[in-house]
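Quick notes on the structure that follows.
The values are calculated or read from the model by the stated rules, or taken from the named source; none is laboratory data. Note that the structure is predicted; figures quoted are calculated from it, not measured. FYI the Cβ positions are ideal-geometry reconstructions off the backbone, even for glycines, and counts take in every protein chain you see. Accessible surface areas use protein heavy atoms only, side chains included; no ligands, DNA or RNA. Shrake-Rupley method; radii C 1.70, N 1.55, O 1.52, S 1.80 Å.
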Amino acid sequence: MPLVCPQQLKSMRLVPYTNKFSWQCFHFDKQSNNIVFEDLTNLSLESRHYGIRVPDDTPILLENELNISFPSLRHLSLICVNITPDIIQLFAASPLTTVVFEGLLENALHLQALNLNRLSMLKVSTWFGCTISDEKFCTESNALFQSIECAVVVFSVDIDDMAINATDVYWPCLTHLELCSEYIEDLALDLVPRVPNLV
């Protein structure tokens, strides 16, 4: 990728984004260790291409000698990206209003480092992976959706392969719940009392 001046960008979508991606291509000013996306308000990192999920479990490549910042970033999308606390820290100081996440629920827990209470909208979309148990799903989703205070919180989940007991979940912060399942009726009715702030 050629050198790109970060100051000129207002919106950016990196597809497919992998953990091997190097931010060096934005290191336009070699006199400084700073990469500042001064006017960037929309950023989407997507680890999929043409609708195909591209799992990425490689170690995240962060250039430790570079200071990367997004002082104007309002809208952040992380789609199938293997996020860790290190990469989330890139956006911790950004004035985010909207965060959209799609991926494994255990990765979504790292979003808590973004001070989610300042958001106007958070959307988390996840699917039931073969590496997660029903119990772990309930524990992780409860941890994520019990203390957020932003106006709109959306949880979209594919639960076809799960045997969730509705009494094991409690999502008081959710305002919108999207269930993808062939057997949705009974579960949806059981979940309603566990999601008291649905609109």
Between a first residue in the stretch 15-43 that is closer than 22 Å to THR97 by Cβ and part of a strand (DSSP E or B) and a second residue that is open to solvent by 40 Å² or more (accessible area, probe 1.4 Å) and at pLDDT 85 or above, which pairs have beta carbons less than 6 Å apart while being 6 or more apart in sequence or on different chains? VAL36/SER69; ASN42/SER11; ASN42/HIS75
Counting only residues that are open to solvent by 10 Å² or more (accessible area, probe 1.4 Å) and of a type in the set (Val, Ile, Thr), which one in the stretch 78-93 is nearest to the chain's Cα centre (by Cα)? ILE79
Which numbered condition PHE145 misses (of (1) without any contact (Cβ under 8 Å) to a residue 24 or more places away in the chain; (2) open to solvent by less than 60 Å² (accessible area, probe 1.4 Å); (3) of a type outside the set (Val, Ile, Thr)): (1)
When you go through (1) closer than 23 Å to ILE79 by Cβ; (2) modelled with pLDDT of 85 or more; (3) surrounded by fewer than 16 Cβ atoms within 10 Å (Cβ to Cβ); (4) among the polar types (S, T, N, Q) one by one for GLN8, which number turns out not to apply? (1)
Suppose we keep only residues that are among the aromatic types (Phe, Trp, Tyr) and in contact with a Ser or Thr (Cβ under 9 Å, 6 or more places away or on another chain) within the stretch 11-49. Which one would you say is surrounded by the fewest Cβ atoms within 10 Å (Cβ to Cβ)? TYR17
Test: residue in the stretch 101-116 that is assigned to a strand (DSSP E or B) and surrounded by fewer than 20 Cβ atoms within 10 Å (Cβ to Cβ): no
Condition first: within 22 Å of PRO85 (Cβ to Cβ) and not β-branched (Val, Ile, Thr). Now tell me which residues in the stretch 13-25 satisfy that. LEU14, TYR17, ASN19, LYS20, PHE21, SER22, TRP23, GLN24
